[in-house]
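Since the structure comes first, as structure tokens, the remarks are kept for the end.
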Amino acid sequence: MKIRNTILLFGILSIITLIAVQIIIVKGIWDQKDEMFNLRYRLYSQDALSMMSRRWSTDGFDTARLVVSRFSEQAVQEILMVKEDSSVAKIKGEVLEIVTEILNKEQDLSKFLSDYFGRQGIDKNFKYRIRINRFDLINADTVIPVYMSEEFANRINRRPPPQGQNASRPAPQHISEIYVRGDRTEDNNFRWDFDYFIDFTDKQRVILKETSASLGMGILSILVVVILFMITYRNLMEEKRLSDLKTDFINNMTHELKTPLSTITVAGRTLEMPQIRSNDDKILETARLIGKQSIHLNQLINMILEISMWERTQFQVELKPVQIEDLMNDIVESFKTGCGNCAAVNRKFNFNGAKANLDTVYFTTLVNNLLSNAVKYCETEPIIEVEGFTEEENAVIRVADNGIGISRSDQKHVFDKFYRASSGNIHKYKGLGLGLYYVKRIAEAHGGDVSVSSKPGKGSIFTVTIPYLN
Ligand code: ADP
């Protein structure tokens, strides 16, 4: 559990680091593209402006200037006529509103830029913004200040406003805005100072398109790492599970081998005792005990040898046609006798005389393993129902018990090699976790399969299907 958590933690940390690195890289590329975009479009804008003034000998605000000049002439008169301060302020507010409207409507720059960008085949969807810094009305030698932005006031207070065009670039309102140009005009009727910004509405999309390759590669590399990590982690966990199973198996095996061995050792010592040697019956009894335990020991060792042989070679069965019902009856009978009628075994066979290609030795082992598990994993009087019938192309053998049952999560693994569901209570039910593995391998070697359905506390049903001969 500890190793598992450590690996998981390291894995997640590395993935997070990778994602962070990728984000930093992509962010860097994005910023670079963003800067390049601004630079490119600023150059395009400047190019457009110089082209505009060359062609029309205009700077894009001539119309606006003309209209504002005419309007200002009237506005000055109006202001000079009213005396109250409040009325003057009201008129000034209206003047500013109208001038802004004229500036936005009567300028040729936006249209020219849009056409120019379109012709260049670059993004021509932009919003523009005119920021008026100052507007004054002029009459002969009087100047009537109408509006001055706070920022502009600070600017001119710090240093005197430059003559003509402003050389320093004003700060845009949004990061994505590009300053195109400003206009500082002094006319007979007015004086204005404003900046013109454009903001490309599709800028994000354009940059996203340009960054998509790096973004895609970043996401792909993260995905690859995540998938690789998941595969490695799963393999590692599977390896660990198998290694745990093997350790359990070795412990169980040692335990299983020790019992007959110690019995034999004790029996050997018993035979050495003079009072036993003189008693023929005791000698016979002890010899039988040794014989029985040796057979058990032999069986255990053979089982391990067989398993390791199966690992290396294909599972070999000698198949010959056999009446399934007869064989099943024989197996059940000898099981009952063998275990000293340890369980009530009810039979219900309906094979209709069907035959199947079976290896009788292995097939007997298969059924015996199921029957003995039904007895072993039962905490009351075992009652076993053995059912047999034919269904489509298969002979079906069902062994149902009233035992302890198997949890849903264990059901998935009980046919795995060395798997023991009751590992928490491993010595309560002795075993090596090989019985059902055998059952599965044998069923498969006959072209069939085995499955389990069970409810903990209620019992289990094992179903073996094997193709029968028509
Ligand atoms: P073993 O009996 O040697 O442990 P098996 O391969 O026969 O190994 O069984 C694997 C596991 O499946 C057992 O440890 C046991 O927990 C569970 N199991 C098998 N048969 C039954 C059954 N009839 N009822 C309940 N549990 C069973």
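The single condition from (1) surrounded by 11 or more Cβ atoms within 10 Å (Cβ to Cβ); (2) out of contact with any Pro (no Cβ under 9 Å at 6 or more places or on another chain); (3) at pLDDT 90 or above that Lys92 fails is (2). Keeping to the range 33-50, report how many residues are more than 24 Å from Ile102 (Cα to Cα) and either of a type outside the set (S, T, N, Q) or modelled with pLDDT of 90 or more (or both). Here the count works out to 12. Glu381 meets each of the listed conditions (1) touching a helix residue (DSSP H, G or I) at 6+ places or on another chain (Cβ under 7 Å); (2) more than 11 Å from the ligand (Cβ to nearest atom); (3) not polar (S, T, N, Q) apart from (1).
Among the residues of the range 399-410, those that are assigned to a helix (DSSP H, G or I) and surrounded by fewer than 17 Cβ atoms within 10 Å (Cβ to Cβ) comprise Arg408, Ser409.
The rows are residues; the columns are (1) closer than 30 Å to Tyr419 by Cβ; (2) of a type outside the set (A, V, I, L, M, F, W, C).
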residue: Leu220; (1), (2): no, no
residue: Val224; (1), (2): no, no
residue: Leu228; (1), (2): yes, no
residue: Glu238; (1), (2): yes, yes
residue: Thr259; (1), (2): yes, yes
residue: Gln275; (1), (2): no, yes
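The set of residues in the range 312-351 that are part of a loop (DSSP other than H, G, I, E, B) and in contact with a helix residue (DSSP H, G or I) (Cβ under 6 Å, 6 or more places away or on another chain) comprises Phe315, Val317, Cys342, Ala343, Phe351.
The condition (being part of a strand (DSSP E or B) and farther than 29 Å from Ile23 by Cα) is satisfied by just one residue among Asp248, Asp193, Asp199, Asp244: Asp193.
Reported count of residues in the range 310-360, each being in contact (Cβ under 8 Å) with a residue 24 or more places away in the chain and at positive phi, is 2.
Restricting attention to the range 429-453, the residues that are within 28 Å of Glu381 (Cα to Cα) and more than 7 Å from the ligand (Cβ to nearest atom) total 8. Residue count for the range 407-428 under the criterion of being modelled with pLDDT of 85 or more, under 18 Å from Ile461 (Cβ atoms) and near the ligand (Cβ under 7 Å from one of its atoms): the result is 2. Candidates Val396, Val386: the one that is in contact (Cβ under 8 Å) with a residue 60 or more places away in the chain, more than 7 Å from the ligand (Cβ to nearest atom) and crowded, with 17+ Cβ neighbours inside 10 Å is Val396.
Exactly one residue out of Gln173, Gln107 is assigned to a loop (DSSP other than H, G, I, E, B), at pLDDT 85 or above and of a type in the set (S, T, N, Q): that is Gln107. The set of residues in the range 454-463 that are part of a strand (DSSP E or B) and either surrounded by fewer than 14 Cβ atoms within 10 Å (Cβ to Cβ) or touching a Gly at 6+ places or on another chain (Cβ under 8 Å) (or both) comprises Ser454, Lys455, Gly459, Ser460. Taken over the range 36-93, the criterion of being outside any helix (DSSP H, G or I) and of a type in the set (A, V, I, L, M, F, W, C) is satisfied by Phe61, Val82.
The values are calculated or read from the model by the stated rules, or taken from the named source; none is laboratory data. Everything numeric in this text was worked out from a predicted model, so none of it was measured. Ideal geometry is used to build each Cβ from the backbone, glycine not excepted, and the neighbour counts take in all protein chains shown.
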